[in-house]
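Each reported figure results from applying straightforward, stated rules to the coordinates on display, with no laboratory input. Source: prediction; values computed, not measured. FYI the Cβ positions are ideal-geometry reconstructions off the backbone, even for glycines, and counts take in every protein chain you see.
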Amino acid sequence: MTTRSLRRGLRAPKLEPMRRFLFVSACVPLFLLGACATVKPEAGDAVAPAAADSAYGLFLAGSSALTEGRNSDAARFLELARTQGGDDPAVSERAFTAALMAGDIEKAALLAPDGPTASDQGKRMGRLVRAVQALTVNKGNTDSIAVYLKSGFVVREEAVFDIGSGYVMDDYVMEKRL
């Protein structure tokens, strides 16, 4: 059988309705799909972003922003997800990490994970962030004390630390209240 006879066989009158049916059945869905893709929403249709609908949507938006390096946006979305989602430990820890990566130490200190549901790594990072908020200054270092007081730190307590060989450090423990 040659190619020419094969072509003639496809063009035979008995196969023509079948070819048309297959052609139409293949083209109609494509045409309808194209028509759906070109429809513009009505002016009154509200198109809300998925992130505004739920705590999970906010979590996804925050995770995506964190992946893209938009740490401030991530911190904002994850904080909203945390407040809407009922303080889920995983979301809280992710919000803490995002605030820390955004450089917002004060917010990170507020979100620092603790309690029985927090991970050990999260607890350690939380303690470190809180430690950044509190510092010790030698009582004789009046210039540094003045700078810290002007920056919002307050004297929490006086402390004497034995550093060995008969020496002690006589310090103020200062902290910045958030």
For residue 156, which sequence-distant residues (separation of 5 or more, or a different chain) have an amide H within less than 5 Å of its own amide H, given hydrogens modelled in the peptide plane?
173, 174, 175
Neighbouring Cβ atoms within 10 Å as the yardstick, rank 97, 117, 67 fewest first.
67, 117, 97
So, with points 7 Å from each Cα along the Cβ direction, the residue 72-residue 21 label distance in nm works out to 6.4
Any idea how far apart residue 136 and residue 163 come out in nm if each label point goes 7 Å out from Cα toward Cβ?
0.9
If R0 = 41 Å, then residue 123 and residue 146, at their Cβ-Cβ distance, give a FRET efficiency to the nearest 0.05 of 0.75
Computed from the beta carbon distance with a Förster radius of 25 Å, FRET efficiency for residue 106 and residue 84 to the nearest 0.05 stands at 0.70
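With +1 on each Lys and Arg Cβ and -1 on each Asp and Glu Cβ, and nothing else charged, work out how big the dipole of the range 134-176 is about its Cα centre, in Debye to the nearest 20.
Around 220 debye, computed over the range 134-176.
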